[in-house]
1. Would the stretch 201-214 turn up any residue that is in a strand (DSSP E or B), out of contact with any helix residue (DSSP H, G or I) (no Cβ under 7 Å at 6 or more places or on another chain) and either at pLDDT 95 or above or surrounded by 16 or more Cβ atoms within 10 Å (Cβ to Cβ) (or both)?
2. Residues of the stretch 189-200 being in a loop (DSSP other than H, G, I, E, B) and either crowded, with 19+ Cβ neighbours inside 10 Å or at negative phi (or both), which ones?
3. Within the stretch 316-329, does at least one residue satisfy the condition of being closer than 19 Å to residue 216 by Cα, under 21 Å from the mean Cα position of the chain (by Cα), within 16 Å of the ligand (Cβ to nearest atom) and at pLDDT 95 or above?
4. Taking the residues in the stretch 145-188 that are in contact with a helix residue (DSSP H, G or I) (Cβ under 7 Å, 6 or more places away or on another chain), in a loop (DSSP other than H, G, I, E, B) and over 28 Å from residue 329 (Cα atoms) as candidates, determine which candidate is farthest from the ligand (Cβ to nearest atom).
5. Do we find a residue being within 25 Å of residue 100 (Cβ to Cβ) and in a helix (DSSP H, G or I) anywhere in the stretch 266-277?
6. Suppose we filter 280, 289 for residues that are in contact with a strand residue (DSSP E or B) (Cβ under 7 Å, 6 or more places away or on another chain), farther than 24 Å from residue 205 by Cβ and surrounded by fewer than 22 Cβ atoms within 10 Å (Cβ to Cβ); which single one remains?
7. Suppose we filter the stretch 394-407 for residues that are under 22 Å from the mean Cα position of the chain (by Cα) and more than 18 Å from residue 215 (Cα to Cα); how many remain?
8. Assuming residue 122 fulfils every condition listed in (1) surrounded by fewer than 20 Cβ atoms within 10 Å (Cβ to Cβ); (2) within 15 Å of the ligand (Cβ to nearest atom) apart from one, which condition is it?
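The values are calculated or read from the model by the stated rules, or taken from the named source; none is laboratory data. All of these numbers come straight from a predicted model, not from anything done at the bench. Backbone-built Cβ (ideal geometry, glycine too); neighbour counts: all protein chains shown.
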Ligand code: GLU
């Protein structure tokens, strides 16, 4: 019997993703000395919306999908965050991801709060027409939540510029408006920014180089493993490879490959483009298990696929000296402790993958001005922003004698505390 399409999967984890957010928030609040009132405000998302989306499928049958949008915080500005299409999307996951967006935007020094959205669906099994109807239905249902100065969606796992164009069109049709900045990550030519598509991967590379410098490691002598070959994993591997780091392991949901001499990343990308976006069948390395990539004998590990992959069991066997988190929430709080004890430096998700939302912000500015930048201008501004955020997080980690992850949370808490106290309460 084949599995039924689009039926939510509940996967057991070491605790919910929102528990993982609260665990880190509580540690950082304690070390930093945050007031209980501010901690309490940050523990509760401001608004959580759930929508039911009846969609006509290609076979003529109606299917009911569940969609979510959670606005965690608007303390520092309009809420910002992507929309995820995946089978494990649920209210807890979206809540956790929305909170991470609040911290991420604060760390990247953007004038934004945090939000996240998602639909429980398997986009790989759906036709383009079904996905378009679903995306338009979701946008119409949330047309009063989204807004250029209120809540601005973007791509995330399972979505891309194509879905953002549908959101843009559906939103503007409902409002009889023409706001390009109501969504970011749009196609270039419809108000999208040059450099946005590759921005998260570029940020991973910049953060990796910044960390290697602190660790006195020569990038030319360093090896890496990258888990995931979607937008983030593919571009991370590409930028690391182009900047002289030997990428010895890559993998996606179809296959994981190992080559101690270094994988030809350009050839792997070409292969996936010609083979329905998957690595299966690419011969640039020998096949290994997915978990073997995480514990491979490399210097740098970039988990850029799913959440909760670095569990305490995996953490014990990790050999990398540096982990740069491309995915959101790839490490469990239990694994954090083990990595810290082993002296492994972790550049946390809320810093490492902030290149995407940073260039989203640049796109939003360009839309507001109606004036567009060259890719070089975008990249220069992005690199400067990532390096500045890295330095602040590193310094907070050192000052508070803690990990980079808790240093990152403290960086965000300082800004959020200021915003909450300056705005006052009622
Ligand atoms: N989904 C991306 C993230 O998790 C980008 C969000 C955005 O650009 O608003 O950071």
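1. Keep residues of the stretch 201-214 that are in a strand (DSSP E or B), which gives none.
Scanning the stretch 201-214 turns up no residue that is in a strand (DSSP E or B), out of contact with any helix residue (DSSP H, G or I) (no Cβ under 7 Å at 6 or more places or on another chain) and either at pLDDT 95 or above or surrounded by 16 or more Cβ atoms within 10 Å (Cβ to Cβ) (or both).
2. 190, 191, 192, 193, 194, 195, 196, 197, 198
3. Residues of the stretch 316-329 closer than 19 Å to residue 216 by Cα: 319-324.
Right, trim to under 21 Å from the mean Cα position of the chain (by Cα) and you get 322-324.
Next, only the ones that are within 16 Å of the ligand (Cβ to nearest atom) stay: 324.
This time we only want the ones that are at pLDDT 95 or above, so: 324.
There is at least one residue in the stretch 316-329 that is closer than 19 Å to residue 216 by Cα, under 21 Å from the mean Cα position of the chain (by Cα), within 16 Å of the ligand (Cβ to nearest atom) and at pLDDT 95 or above.
4. 178
5. Within the stretch 266-277, the subset within 25 Å of residue 100 (Cβ to Cβ) is none.
Checking the stretch 266-277: not a single residue is within 25 Å of residue 100 (Cβ to Cβ) and in a helix (DSSP H, G or I).
6. Of the residues listed, the single one that is in contact with a strand residue (DSSP E or B) (Cβ under 7 Å, 6 or more places away or on another chain), farther than 24 Å from residue 205 by Cβ and surrounded by fewer than 22 Cβ atoms within 10 Å (Cβ to Cβ) is 289.
7. Final tally of qualifying residues: 1.
8. Of (1) surrounded by fewer than 20 Cβ atoms within 10 Å (Cβ to Cβ); (2) within 15 Å of the ligand (Cβ to nearest atom), only one is false for residue 122: (2).
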